[in-house]
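The next block holds one structure in the form of structure tokens; read it before the comments.
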Number of protein chains: 2
Amino acid sequence: MAIRFPRHLKPIEPQGTQLLDQERQTATFDSKALMVTLYGEEYLKKRDEILNILENDPVLGDKNHRYYTGRDVRFQKSLAAGKRFIELLKKHNWTKEEFGIADFLFDESGPFRLHRSMFMPTLENQATEEQQKIYLEAAKRYEIIGCYAQTELGHGSNVRGLETTATYDVNTQEFVINSPTLTSSKWWIGGLGVAANHAMVMARLISNGKDYGPHPFIVQIRDLKTHEPLPGVTVGDIGPKFGFNTVDNGFILFDNIRIPHIAMMARYSKIDKASGDYIKPPNSKLAYGTMVFVRANIILESRYVLARAATVAIRYSAIRSQFVDDASPKKIQNTDGTSKIVETPVLDYVMQQYRLFPVIAQAYACHFTALEMHRMYYENQEKMAQGDFSYLADLHASSSGLKSLTTTLGSAGIEECRRACGGHGYSLFSGLGQFYQDTLPKVTWEGDNYILTQQTSRYLFKTFRSVASGRVSEKNANFSASYMMEYLSNPKARCPITQASDLSNPEILLATFKYRAAFLISKAVHNIDVEQKTWNDMLVDIYRISRAHCQLVLVSNFIKAVFGSNAPASNENSVLQKVAILFAVSTLEQEMADFLTSGYVSPEQSLLVKERSIQLLKELRPDVVALVDAFGFPDYLLQSSLGAQDGDVYTRITRAAELEPLNQKKVADGYEEYIKPFVHGGQGKWKIGKDGIARL
Amino acid sequence: MAIRFPRHLKPIEPQGTQLLDQERQTATFDSKALMVTLYGEEYLKKRDEILNILENDPVLGDKNHRYYTGRDVRFQKSLAAGKRFIELLKKHNWTKEEFGIADFLFDESGPFRLHRSMFMPTLENQATEEQQKIYLEAAKRYEIIGCYAQTELGHGSNVRGLETTATYDVNTQEFVINSPTLTSSKWWIGGLGVAANHAMVMARLISNGKDYGPHPFIVQIRDLKTHEPLPGVTVGDIGPKFGFNTVDNGFILFDNIRIPHIAMMARYSKIDKASGDYIKPPNSKLAYGTMVFVRANIILESRYVLARAATVAIRYSAIRSQFVDDASPKKIQNTDGTSKIVETPVLDYVMQQYRLFPVIAQAYACHFTALEMHRMYYENQEKMAQGDFSYLADLHASSSGLKSLTTTLGSAGIEECRRACGGHGYSLFSGLGQFYQDTLPKVTWEGDNYILTQQTSRYLFKTFRSVASGRVSEKNANFSASYMMEYLSNPKARCPITQASDLSNPEILLATFKYRAAFLISKAVHNIDVEQKTWNDMLVDIYRISRAHCQLVLVSNFIKAVFGSNAPASNENSVLQKVAILFAVSTLEQEMADFLTSGYVSPEQSLLVKERSIQLLKELRPDVVALVDAFGFPDYLLQSSLGAQDGDVYTRITRAAELEPLNQKKVADGYEEYIKPFVHGGQGKWKIGKDGIARL
């Protein structure tokens, strides 16, 4: 018989639902209106339709198993979900965008994800028309299932160091794919461990004795009838990971596998079939455009990550009560009209606000910068189509650093929110544990968050040198060059604030972030060019400079969006203005060492920043529940007992505990074998009285 | 047929084992000698004996399943291990210390842990002799198995808010234990979900209508013959957690359960059997002594946490190579005597050093402070036995803040090390993923890391007021009072450094940390006493002040240990001196905002700190592998493919992948049902050529 909580017991007063209702009533703006501003009506309508399909789907509707089962069960269910998604995709004829919404709501990576997100796009971008006819059409129908095999056991970020070779044999007009060492095993390849029968393999192209570096080749790896590995192929799953265990990340080794000439992706570079001569790609810069797009999407995802974590922690903190704050005790009405003092919701404690509110602000900051990155991406694509590559370097540099900064913020935000939920944050029912585990790879993939910042700073140094040597005119200056010019025109500038309230001025905040970034860049360029420091010795500064630049970008875009001339005059926008100021002030406070070191901010001013930071928390306090509500995450997505829309936290936790497999019997498995021998070992000495106590 | 890697393939040159050997040869000191200094010969001998028993034990020797199985399997194996531990305990007649070593090496919490760590100690400390005869003797023989039930679903840190009641019925001379609400469910109780048949329940004692607050009661909860819950008891497991899933954290509710008068732990407080009158405890301060001891042990554990994470990341970073550092390329000897350039081990990159070396330094800092806390604990116990409670407040305050600081450092350290391992850090084979999950509760339990700092700062404020008002003489001043006096005697003091090398002077560093702590305290006391700020408004400062004080304590104890008159003149100690300086300088750099805000450190000086910080990394570079070796963690403990003693990283990863359940068949389960339908759906259009490629 399964264990059940007594149904007549209620949580202590006041009830969570009641507390959340109050929060919603006292907000100064309409969270639904803000939701529409954020996403648009059309998107929300689509999302609700898709949500409705998923919630009622027999395979995808119930996510309950996710917290209770191990990888064995979860992987099988993930395969089943993958199959079901293909069926739904066909049935509803989902567009890419609609599929993306479904995927987001379902919130679990599966074995077919890389087929869609990397294998097919590589065919779209790098295959010739002939190749697309052979491979892409079949891939679209899932007749072949692919993966993208780049990373190796011994090589990740340094793509040039890949060991796998593809040697052209001009006699047979075939490529020979080979893994010369154990470290050359392809590793981490999503979808490869179990599902894929084809792989897009990045291998060093060798022809006529010359090494042309990594190029993509399509290789069939498993038999299409039996699914067994083809001869010469060693393939399997890389084993358990910290998260993402619903994906079959795999390894593969090739023992001199032969593939035909057509298997090399040949839209750009190619090998002449007869001579084996290498034909170069026309312009390698185009690939950077795609990277910008991918990274803009990562920033948008970071917004979701931060917003989702904040949703859980903010809602739960409005309910979870602890101690009585003597200086300002919380009262509730009794039914007889009198009132009584109850414990204070932790959301009223400044420390909790200080930990959580900046996470909300970061989420909104990512939102506005991601929009701006998308806008600039399209602008740049148009420019490039006209042969104008002048936007690309700046865009690529910012997108690299922003990927690094926002994914670092994202994972830190989840963990901060999880800890701020106290003990129950550690329960999987919080919805934050597995979420953290599945989000973490973002700090490493698509460019390691430390290595990536080198690209950003290298560009900034180059820009600074151009500006400093007068090679950039004010007219030609982009955002980066402009703030460096401002700095150079007045390197002794000082922050003008004299009281805490001055820190509500967006211009002052923006100027502060500009000065700090330019100061750090100027110092670093001096260290490299004059002091002759090595790049290696500068790596710590390089990381910081990228962060400083990208924090400035976030602040700047946020301010432009809510204080700019296009910003609407609405209650929603008034709150967003406060959020923007909080984002700037809390970032300023957290990075205070930089600002003080630059001399721009004085020690006395730094105390004003602290003061303003606490004031802002209080100003935002009435609106924080509505601010997370505006992100509109359905319970189906959150899977959180603590963060559900209705606030019925404690009932939800107990219902979730009832589903624990160990609770399905009165006496759990293992008792007979592992516990009884001891307890019963002394049985003879015990007498169990009618009071229920065993006595000697 | 299981999937196997080709046995003839080796990792790319140079081999990991060779790289680690080189690191060990070039160290400036003997890591074995340092190991003996850290632990003592006797401890190491005992540890090796116990390790030998465990490694060769049929139940405990193989930890392999831990990374591959879900909670179902892991929990059963954890029960089996629990039983086996009881057998070994009896067989080898292990002392508490020896059992602790075994438990540490086995490195997995189980269902009987709380029986030993909380249930029995509560009986030892709070039961009368009569009660001990009934309960403790049986508990020692595992004839009864207990747990410690304090936390409730709705109440953690605020113990006074617990809802469970124990109402004395003077007529029947029984206590009635009751759970009035859903939130009063006892929750998180280790060992309760499945194993325990008794619980030490903290419940609000009510007698003659008066509420005396929480007291401990022993309650039998499951039948000793059938293990079924007793009538009126609802008990079960709270469900899956982020980690610790080998423990059956449980919940329990009592529906007016009656227990006899003897079930209230009565060594201190008690209820008169006949009248129901409450008899107060003689001195409540004694309990604080135990808390100090528990927290000193947590600091010691933080040392292990940091050291273990650093061991994995440092060893792997000496092997993992990435890019060629052009300014200083790495060369290896070919067999023909010539040399070739290979990729640079990431340990040579300054950013990697900057992330990892401070973790080593933190581990050593925790080591020396934990030793000092233990020493002070015993000194204080002696004083208290003589009725002198003068040491207690300071000791308790520091131990609270140090628990908070060192466990926060500990979990941050693991995650930093895990990320610094790049992609493979995300594989469970890194040994850091589950370790992080299992370590995390420490930031919440035994006093939440934020709430706890209030105790520290409250004491520091009180001390400051005493010092400021002249109520403490220099003779009577303890460490805290002394540094506040120094500050008050010269509040305009300034850091004397003029060049980076000045930052090797321990006295200068110590004075810097003292000034900063005193400055923050002085400012906060002013804000509270003069500006009348509420405690709530001060919480952010309160947290920071505790951290500042405890960082000072860590720096001070480290410096005393390695620069003091008792420090030995050895190679080992010379390296530890560098480590101590690195700890101080890296902490100083990381907390620079505080130091700059106080005015003690100038912006120009802050640049010297950065410069010195990078220099120190280079100075320590040759010794870091030996520094982690000195912690002497056996592979049995680490369970890490990346961090094993022999450095054969890539072979270990591939061997571990072979054990993945999905790799035990050529075609994994799920293919027929979820993949084949699509692939075979298009089969008619495909022709599979003899080259293994399917064509239209």
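The values are calculated or read from the model by the stated rules, or taken from the named source; none is laboratory data. Model, not experiment: these values are computed from the prediction. As a convention, Cβ positions derive from the backbone with ideal geometry for all residues, glycine included, and neighbour counts pool all protein chains shown.
Of B:Leu503, B:Leu460, B:Leu432, which residue is more than 12 Å from chain A (Cβ to nearest Cβ), within 26 Å of the chain's Cα centre (by Cα) and touching a residue at least 40 places away in the same chain (Cβ under 8 Å)?
Going through B:Leu503, B:Leu460, B:Leu432 in turn, the sole match is B:Leu460.
Of all the residues that make up region A:145-166, how many are more than 8 Å from every other protein chain (Cβ to nearest Cβ) and surrounded by fewer than 19 Cβ atoms within 10 Å (Cβ to Cβ)?
Total meeting the criteria: 2.
Looking for something modelled with pLDDT under 95, of a type in the set (Lys, Arg) and surrounded by fewer than 19 Cβ atoms within 10 Å (Cβ to Cβ) - is there at least one such residue anywhere in region B:55-78?
No, every residue in region B:55-78 fails to be modelled with pLDDT under 95, of a type in the set (Lys, Arg) and surrounded by fewer than 19 Cβ atoms within 10 Å (Cβ to Cβ).
Would you check which residues across region B:542-568 are small (Gly, Ala, Ser) and not in a helix (DSSP H, G or I) and list them?
Restricting attention to region B:542-568, the residues satisfying the condition of being small (Gly, Ala, Ser) are B:546, B:548, B:556, B:561, B:564-565, B:567.
Those that are small (Gly, Ala, Ser) and not in a helix (DSSP H, G or I): B:Gly564, B:Ser565, B:Ala567.
Within region B:245-263, which residues are closer than 21 Å to B:Thr234 by Cα and aliphatic (A, V, I, L, M)?
Within region B:245-263, B:Val247, B:Ile252, B:Leu253, B:Ile257, B:Ile259, B:Ala263 qualify.
Residue-by-condition table, conditions (1) acidic (Asp, Glu); (2) surrounded by fewer than 24 Cβ atoms within 10 Å (Cβ to Cβ):
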{"residue": "B:Ala420", "(1), (2)": "no, no"}
{"residue": "B:Ser427", "(1), (2)": "no, no"}
{"residue": "B:Thr453", "(1), (2)": "no, no"}
{"residue": "B:Met485", "(1), (2)": "no, yes"}
{"residue": "B:Asn490", "(1), (2)": "no, yes"}
{"residue": "B:Asp502", "(1), (2)": "yes, yes"}
{"residue": "B:Asp529", "(1), (2)": "yes, yes"}
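So which residues in region A:633-675 are more than 26 Å from B:Pro111 (Cα to Cα), surrounded by 16 or more Cβ atoms within 10 Å (Cβ to Cβ) and of a type in the set (Asp, Glu), if there are any at all?
Result: A:Asp648, single match.
List the pairs whose first member sits in region B:514-541 and is within 17 Å of B:Gln454 (Cβ to Cβ) and part of a helix (DSSP H, G or I), whose second member is of a type in the set (Lys, Arg) and modelled with pLDDT of 95 or more, and whose Cβ atoms are under 6 Å apart, counting only residues at least 6 apart or on separate chains?
B:Asn527/B:Lys533
Looking only at region A:649-669, how many residues end up being part of a loop (DSSP other than H, G, I, E, B), touching a residue at least 24 places away in the same chain (Cβ under 8 Å) and of a type outside the set (Asp, Glu)?
So the first thing to find is which residues in region A:649-669 are part of a loop (DSSP other than H, G, I, E, B), and the list is A:659-660, A:665-669.
Imposing the further condition that a residue be touching a residue at least 24 places away in the same chain (Cβ under 8 Å) reduces the set to A:659-660, A:665-666.
Okay, now just the ones that are also of a type outside the set (Asp, Glu), so A:659, A:665-666.
Selection size over region A:649-669: 3.
So that you can scan it fast, the table gives a plain yes or no per residue for (1) assigned to a strand (DSSP E or B); (2) of a type outside the set (A, V, I, L, M, F, W, C); (3) touching a helix residue (DSSP H, G or I) at 6+ places or on another chain (Cβ under 6 Å); (4) not assigned by TED's automatic domain parsing to the domain that holds B:Ala518:
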{"residue": "B:Gln437", "(1), (2), (3), (4)": "no, yes, no, no"}
{"residue": "B:Lys442", "(1), (2), (3), (4)": "no, yes, yes, no"}
{"residue": "B:Trp445", "(1), (2), (3), (4)": "no, no, no, no"}
{"residue": "B:Tyr450", "(1), (2), (3), (4)": "no, yes, yes, no"}
{"residue": "B:Arg458", "(1), (2), (3), (4)": "no, yes, no, no"}
{"residue": "B:Arg465", "(1), (2), (3), (4)": "no, yes, no, no"}
{"residue": "B:Glu474", "(1), (2), (3), (4)": "no, yes, no, no"}
{"residue": "B:Leu488", "(1), (2), (3), (4)": "no, no, no, no"}
{"residue": "B:Cys495", "(1), (2), (3), (4)": "no, no, yes, no"}
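Being among the aliphatic types (A, V, I, L, M) and more than 14 Å from every other protein chain (Cβ to nearest Cβ) is the filter here, so list the residues in region A:329-368 that pass it. Show your work before the answer.
Looking only at region A:329-368, we keep the residues that are among the aliphatic types (A, V, I, L, M), and these are A:332, A:341-342, A:346-347, A:350-351, A:356, A:359-361, A:363, A:365.
The answer is A:Ile332, A:Val359, A:Ile360, A:Ala361, A:Ala363, A:Ala365.
Looking at region A:1-95, what helices (runs of 4 or more DSSP H) fall wholly within it and have at least 2 residues that are farther than 30 Å from A:Ser317 by Cβ and out of contact with any Cys (no Cβ under 7 Å at 6 or more places or on another chain)? It would help to see each step written out before you state the result.
Working: elements: A:16-26, A:31-39, A:41-55, A:71-92.
It comes to A:41-55, A:71-92.
Report the residue count in region A:531-559 for those that are buried (at least 18 other Cβ atoms within 10 Å of the Cβ) and among the basic types (Lys, Arg).
2
Looking at B:Gly61, B:Gly40, B:Gly82, can you tell me which residue is of a type outside the set (D, E, K, R), within 30 Å of B:Tyr364 (Cα to Cα) and out of contact with any helix residue (DSSP H, G or I) (no Cβ under 6 Å at 6 or more places or on another chain)?
On the way: B:Gly61 fails: out of contact with any helix residue (DSSP H, G or I) (no Cβ under 6 Å at 6 or more places or on another chain); B:Gly82 fails: within 30 Å of B:Tyr364 (Cα to Cα).
Only one candidate passes the filter, namely B:Gly40.
Of the conditions (1) assigned to a loop (DSSP other than H, G, I, E, B); (2) within 12 Å of another protein chain (Cβ to nearest Cβ); (3) at pLDDT 95 or above, B:Tyr142 fails just one. Which one is it?
In the conditions (1) assigned to a loop (DSSP other than H, G, I, E, B); (2) within 12 Å of another protein chain (Cβ to nearest Cβ); (3) at pLDDT 95 or above, B:Tyr142 misses (3) alone.
Select, from B:Met384, B:Met351, the only residue that is modelled with pLDDT of 95 or more, buried (at least 17 other Cβ atoms within 10 Å of the Cβ) and not small (Gly, Ala, Ser). Give the derivation first.
Numbers: B:Met384 fails: modelled with pLDDT of 95 or more.
Checking each option against the conditions leaves just B:Met351.
With A:Glu589, A:Glu611, A:Glu619 as the choices, which residue is under 30 Å from B:Lys610 (Cα atoms), of a type in the set (D, E, K, R) and surrounded by fewer than 18 Cβ atoms within 10 Å (Cβ to Cβ)?
Step by step, each of A:Glu589, A:Glu611, A:Glu619 is checked, and only A:Glu611 is under 30 Å from B:Lys610 (Cα atoms), of a type in the set (D, E, K, R) and surrounded by fewer than 18 Cβ atoms within 10 Å (Cβ to Cβ).
Return yes when A:Asp326 is within 14 Å of chain B (Cβ to nearest Cβ), charged (D, E, K, R) and over 30 Å from A:His261 (Cα atoms) and no when it is not.
Details: within 14 Å of chain B (Cβ to nearest Cβ): yes; charged (D, E, K, R): yes; over 30 Å from A:His261 (Cα atoms): yes.
Against the criterion (within 14 Å of chain B (Cβ to nearest Cβ), charged (D, E, K, R) and over 30 Å from A:His261 (Cα atoms)), A:Asp326 qualifies.
Conditions tested, residue by residue: (1) among the β-branched types (Val, Ile, Thr); (2) closer than 24 Å to A:Asp30 by Cα; (3) in a helix (DSSP H, G or I); (4) more than 10 Å from chain B (Cβ to nearest Cβ).
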{"residue": "A:Val575", "(1), (2), (3), (4)": "yes, yes, yes, yes"}
{"residue": "A:Leu616", "(1), (2), (3), (4)": "no, yes, yes, yes"}
{"residue": "A:Leu620", "(1), (2), (3), (4)": "no, yes, yes, yes"}
{"residue": "A:Gly647", "(1), (2), (3), (4)": "no, yes, no, yes"}
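How many of the residues in region B:358-408 are free of Cβ contacts under 8 Å to residues at least 60 places away in the same chain and either β-branched (Val, Ile, Thr) or outside the structural domain of B:Ala307 (by TED's automatic domain parsing) (or both)?
Matching residues across region B:358-408 total 2.
Could you go through region A:90-105 and let me know if any residue there is at negative phi and within 14 Å of chain B (Cβ to nearest Cβ). Break it down into steps so the answer makes sense when it comes.
Within region A:90-105, the subset at negative phi is A:90-92, A:94-105.
From what's left, within 14 Å of chain B (Cβ to nearest Cβ): A:90.
Yes, there is a match, as at least one residue in region A:90-105 is at negative phi and within 14 Å of chain B (Cβ to nearest Cβ).
Return yes when A:Asp237 is touching a helix residue (DSSP H, G or I) at 6+ places or on another chain (Cβ under 8 Å) and either closer than 21 Å to B:Lys665 by Cβ or at the interface with chain B (Cβ under 7 Å from one of its Cβ atoms) (or both) and no when it is not.
Against the criterion (touching a helix residue (DSSP H, G or I) at 6+ places or on another chain (Cβ under 8 Å) and either closer than 21 Å to B:Lys665 by Cβ or at the interface with chain B (Cβ under 7 Å from one of its Cβ atoms) (or both)), A:Asp237 qualifies.
Any idea how many residues of region B:560-578 are among the aliphatic types (A, V, I, L, M) and surrounded by fewer than 19 Cβ atoms within 10 Å (Cβ to Cβ)? Even if it seems obvious, please write down each step before you answer.
Going residue by residue through region B:560-578, those that are among the aliphatic types (A, V, I, L, M) are B:561-562, B:567, B:569, B:575-576.
The next check asks that each one be surrounded by fewer than 19 Cβ atoms within 10 Å (Cβ to Cβ); those that pass are B:567, B:569.
The number of residues fulfilling the criteria is 2.
So A:Arg204 ticks every box in (1) more than 21 Å from B:Leu432 (Cα to Cα); (2) more than 9 Å from every other protein chain (Cβ to nearest Cβ); (3) surrounded by 21 or more Cβ atoms within 10 Å (Cβ to Cβ) but one. Which box is left unticked?
The failed condition is (3).
Looking only at residues in region B:405-420 that are more than 10 Å from the chain's Cα centre (by Cα) and not hydrophobic (A, V, I, L, M, F, W, C), which one is farthest from the other protein chains (Cβ to nearest Cβ)?
Among residues in region B:405-420 that are more than 10 Å from the chain's Cα centre (by Cα) and not hydrophobic (A, V, I, L, M, F, W, C), the one farthest from the other protein chains (Cβ to nearest Cβ) is B:Gly413.
If you take the residues in region A:223-244 that are closer than 15 Å to A:Ile177 by Cβ and over 31 Å from the mean Cα position of the chain (by Cα), which one is surrounded by the most Cβ atoms within 10 Å (Cβ to Cβ)? Spell out how you get there, then give the answer.
Here is the first cut: in region A:223-244, the residues closer than 15 Å to A:Ile177 by Cβ are A:229-235.
Those left that are additionally over 31 Å from the mean Cα position of the chain (by Cα): A:229-234.
Working: A:Pro229: 18, A:Leu230: 19, A:Pro231: 9, A:Gly232: 16, A:Val233: 21, A:Thr234: 19.
Filtering first and then ranking leaves A:Val233.
For B:Phe251, state whether it is hydrophobic (A, V, I, L, M, F, W, C), at the interface with another protein chain (Cβ under 7 Å from one of its Cβ atoms) and under 33 Å from the mean Cα position of the chain (by Cα). If you could, list the steps in order and put the result at the bottom.
Numbers: hydrophobic (A, V, I, L, M, F, W, C): yes; at the interface with another protein chain (Cβ under 7 Å from one of its Cβ atoms): yes; under 33 Å from the mean Cα position of the chain (by Cα): yes.
Yes.
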